[in-house]
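Quick note: the coordinates plus some simple rules give every number you see, no bench work behind them. Treat the numbers as computed from the prediction; the structure is a model and nothing was measured. Cβ atoms come from the backbone with ideal geometry, glycine included; neighbour counts cover every protein chain shown.
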Amino acid sequence: MFGKALKKPAAKPAKAVQEKPAKKNGLTEADLLRAPASHYMNAEQLAFFRERLLETQRELLEKANLTSEHLREHELEPDPTDQATIEEEYALELRARERERKLLKKIDEALDRMANGTFGVCESCGGEIGIKRLKARPVTTLCIECKTKQEEDEKVRQ
C-alpha cells in the first residue's frame, strides 16, 4: 500500500515530461536532426541556434557578474597560507572567466553571421558546417573536414 502511493506521484511528472519535450522556438533537437538537407539553416533552425546562443550568453554574463561581486567581497586573511589559497582560487576563477569572455565574443560573431546569412557556412571551403556539428558547438566557423585539416596543419608547424 505504501509503495503504491510512492509510485503514483513519480509516474505523473515522468508522463508530463514525455508529453512536453523541451523545445527551442518550435523545434526539438530530434526535429532538428531529422530535418531534410533541403531545410538546412531555414528560419526555424536559425531560431533554434539563436536561442541556444542567447541562452549561453545569458549564463556566461550571469557568471561574470557573480565573479565580479565575489572578488569585490574579498577580505585579507591573517594566515598567509589561507590568503595564498584564496588568491590561487581567484586566479583560477579569473582564467575561467577569460575563456568565457572569449566565448562571448564568438557568440556575438555567430549572431552576426546569422544576421548576414552566413551562419552554418564553413568560412574555409564555403560548404555546410552541418547540423550535428553546430548542435555540439554553435559558434564554430569550420566544417569538420576543414577543422581537421587546420588541426593537422597546426601539428606539423609545432
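For the pair C125 and E89 in one chain, pulling the backbone fully straight at 0.36 nm per residue adds 8.7 nm over the alpha carbon distance. Each part gets one Cα centre, and for region 29-88 versus region 89-127 those centres are 12 Å apart. Checking every one of the GluC sites (Glu not before Pro) in region 75-158 against DSSP loop status and a limit of 12 other Cβ atoms within 10 Å picks out E75.
Which net charge results when you count Lys and Arg as +1 and Asp and Glu as -1 among the other residues whose beta-carbon is under 12 Å from that of K106?
Working: positive: R99, R101, K102, K105, R113, R137; negative: E100, D108, E109, D112.
Once all neighbours under 12 Å are counted, the net charge is +2.
In this rough spin-label picture, where each label sits 7 Å from Cα along the Cβ direction, the Q57-K105 distance is 1.6 nm. Each Lys or Arg adds one and each Asp or Glu subtracts one; over the other residues with Cβ under 12 Å from the Cβ of K147, this totals -3.
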